[in-house]
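Asker: Following this message is one structure expressed as structure tokens.
The values are calculated or read from the model by the stated rules, or taken from the named source; none is laboratory data. The model shown is predicted, which means the values in this text are computed figures rather than measured ones. Cβ atoms come from the backbone with ideal geometry, glycine included; neighbour counts cover every protein chain shown.
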Amino acid sequence: MSRTRHAVAFALITAAALTLTACGSGDPATAGVGAKPGVKPGKLPTTDVVSSVAKDEAIAKLLPADVRGRGTLTIASAVGGSPPGATFLEDGKTAVGQDIDFAEAAARVLGLRLKREVASFEAILPALGSGKYDLGTGNFGVTDERRKTIDFVTYINDGQGFAALKSSKLTKISAFTDLCGLNVAMGAGTTFEASLEKNKGVCAKAGKKPYKVQTYAEPGAVWISLQQGRSDVVMSTINGLRYAVTQLEGTKFLNEFKRLDVGIAFKKGTPLAPAFQAAVNKLKTDGTYDRILKKWGTTESAIAKSQISPPEIK
């Protein structure tokens with residue numbers, strides 16, 4: 001197949017279903033999520049693991065009285081990425097994914113109905129601060145910088161990882177200096193971008209050519225840039241990368257780089273956080289938590305208990 005036809009095919013695949021929401025969490029073997037129980041390559045799991053969740057009256061009382069009264073919250077979701085992150089079924093309307101299941105299950109524990117709005121990843125956190133949304137999901141990694149303005153209720157541990165073409169000589173990225181001289185592609189507004197910008201000076205100190213940070217607002221463009229040779233490596237979520245390489249021919253997962261807790265996001269100081277924390281911990285005790293992880297093939301991302309804005313994992 002010609003280079004042009006390869007590019008077109010790659011673009012169609014990524015645009016259709018496999019664009020990564022480079023969200024900023026972080027990610028053991030190169031086996032993709034799609035190779036694990038619950039998720040098969042090319043087919044999204046649709047097992048219902050949420051509808052049986054019942055309201056817990058004691059936990060619901062942790063909610064502010066006005067929220068209990070109206071019974072609804074507005075949630076912003078970054079949708080359009082690859083599993084296990086939020087994506088759409090073939091109907092183009094039904095949002096599915098690990099984030100979707102966790103938010104819905106926690107809301108059921110609290111006796112709430114979520115009014116979901118799809119928003120771009122980079123727009124959600126600022127909108128929470130302005131009060132436009134009550135909560136947001138997008139595989140948001142908990143960092144010390146984000147904790148200054150946002151509260152997070154943790155539900156999984158993911159992190160930062162790398163992927164490249166199978167033809168690449170790259171096998172592992174152990175330090176930022178391993179990226180020197182390379183073009184690194186990622187989604188805009190992510191922890192990946194922030195980490196690379198913060199450490200840009202390491203190459204000069206090592207006497208090496210600096211790496212170039214390439215950000216894309218459209219997730220599919222990240223993978224197209226890799227296939228077309230405009231970038232050398234993709235930096236994104238560990239779980240998302242593992243899935244993507246099972247779907248995108250000619251790509252490989254390199255390695256985990258850094259682990260991060262991932263949380264549902266709220267406006268700083270919100271009284272909703274303690275209620276949702278208790279709801280997530282309830283899901284752990286009643287077995288729903290494990291069922292969601294099994295469905296999406298992410299059992300390695302389990303956490304012992306939910307926390308509110310824990311310090312960034314160093």
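Asker: Mind checking which pairs have a first residue in segment 147-165 that is assigned to a loop (DSSP other than H, G, I, E, B) and a second that is basic (Lys, Arg) and surrounded by fewer than 24 Cβ atoms within 10 Å (Cβ to Cβ), Cβ under 7 Å, 6 or more apart or different chains?
Answerer: Here the result reads Thr149/Lys268, each pair linking segment 147-165 to a residue that is basic (Lys, Arg) and surrounded by fewer than 24 Cβ atoms within 10 Å (Cβ to Cβ).
Asker: Please enumerate the residues belonging to segment 210-220 that are at pLDDT 90 or above and aliphatic (A, V, I, L, M). Steps first, answer last, please.
Answerer: Of all residues in segment 210-220, those at pLDDT 90 or above come to 210-216.
If the condition is that a residue be at pLDDT 90 or above and aliphatic (A, V, I, L, M), then Val213 is the only one that fits.
Asker: Exactly one of these conditions fails for Gly240: (1) assigned to a helix (DSSP H, G or I); (2) at pLDDT 90 or above; (3) closer than 25 Å to Gly263 by Cβ; (4) not basic (Lys, Arg). Give me its number.
Answerer: Status for Gly240: all satisfied but (2).
Asker: For the list (1) of a type in the set (D, E, K, R); (2) surrounded by 19 or more Cβ atoms within 10 Å (Cβ to Cβ); (3) modelled with pLDDT of 95 or more, I need the number of the one condition that Lys252 fails.
Answerer: (2)
Asker: Is there any pair linking a residue in segment 37-61 that is surrounded by 10 or more Cβ atoms within 10 Å (Cβ to Cβ) and among the small types (Gly, Ala, Ser) to one that is assigned to a loop (DSSP other than H, G, I, E, B) and modelled with pLDDT under 90, with Cβ under 7 Å and at least six apart or on different chains, and which?
Answerer: Within 7 Å, the pairs are Gly38/Pro45; Gly38/Gly297.
Asker: Just the residues that are over 18 Å from Gly141 (Cβ atoms) and surrounded by 15 or more Cβ atoms within 10 Å (Cβ to Cβ), please, taken from segment 282-298. Working first, answer last.
Answerer: Our first condition is that a residue be over 18 Å from Gly141 (Cβ atoms); within segment 282-298, this holds for 282-292, 294-295, 297.
Result: Lys282, Leu283, Lys284, Asp286, Thr288, Tyr289, Arg291, Ile292, Lys294, Lys295, Gly297.
Asker: Still on this model: Please determine, by comparing only the residues of segment 274-314 that are assigned to a helix (DSSP H, G or I) and of a type in the set (Val, Ile, Thr), which one is farthest from Leu241 (Cα to Cα). Please lay out each step first, then the result.
Answerer: The first filter runs over segment 274-314 and keeps only residues assigned to a helix (DSSP H, G or I), leaving 274-286, 288-296, 299-301.
Now restrict to residues that are of a type in the set (Val, Ile, Thr): 280, 285, 288, 292, 299.
Details: Val280: 25, Thr285: 29, Thr288: 25, Ile292: 19, Thr299: 16 Å.
Only one residue tops the list, namely Thr285.
Asker: How about segment 47-64: which of its residues are farther than 12 Å from Thr288 by Cα, assigned to a loop (DSSP other than H, G, I, E, B) and more than 24 Å from the chain's Cα centre (by Cα)? Full working, then the answer.
Answerer: Residues of segment 47-64 that are farther than 12 Å from Thr288 by Cα, as a first pass: 47, 55-64.
Applying the additional criterion that residues be assigned to a loop (DSSP other than H, G, I, E, B) yields 47, 55-56, 61-64.
Once the filter is applied, which keeps residues that are farther than 12 Å from Thr288 by Cα, assigned to a loop (DSSP other than H, G, I, E, B) and more than 24 Å from the chain's Cα centre (by Cα), segment 47-64 yields Lys55, Asp56, Lys61, Leu62, Leu63, Pro64.
Asker: Test Ala279 against the criterion of being surrounded by 19 or more Cβ atoms within 10 Å (Cβ to Cβ), out of contact with any Cys (no Cβ under 9 Å at 6 or more places or on another chain) and assigned by TED's automatic domain parsing to the domain that holds Leu112, and give yes or no.
Answerer: So Ala279 passes the test.
Asker: When only residues in segment 65-115 that are acidic (Asp, Glu) and part of a loop (DSSP other than H, G, I, E, B) count, which is surrounded by the most Cβ atoms within 10 Å (Cβ to Cβ)?
Answerer: Here the answer is Glu90.
Asker: Tally the residues that are in a loop (DSSP other than H, G, I, E, B) and farther than 22 Å from Leu241 by Cα, restricting the search to segment 116-133.
Answerer: Number of matching residues: 3.
Asker: On to the next question. Counting just the residues of segment 189-230 that are of a type in the set (Gly, Ala, Ser) and under 20 Å from Asp178 (Cβ atoms), which one comes out surrounded by the fewest Cβ atoms within 10 Å (Cβ to Cβ)? Break it down into steps so the answer makes sense when it comes.
Answerer: Initial filter on segment 189-230 (of a type in the set (Gly, Ala, Ser)): 189, 194-195, 201, 204, 206-207, 217, 220-221, 225, 229.
Next cut, under 20 Å from Asp178 (Cβ atoms) only: 194-195, 201, 204, 206-207, 225, 229.
On the way: Ala194: 16, Ser195: 20, Gly201: 10, Ala204: 11, Ala206: 13, Gly207: 7, Ser225: 17, Gly229: 11.
The extreme case among them is Gly207.
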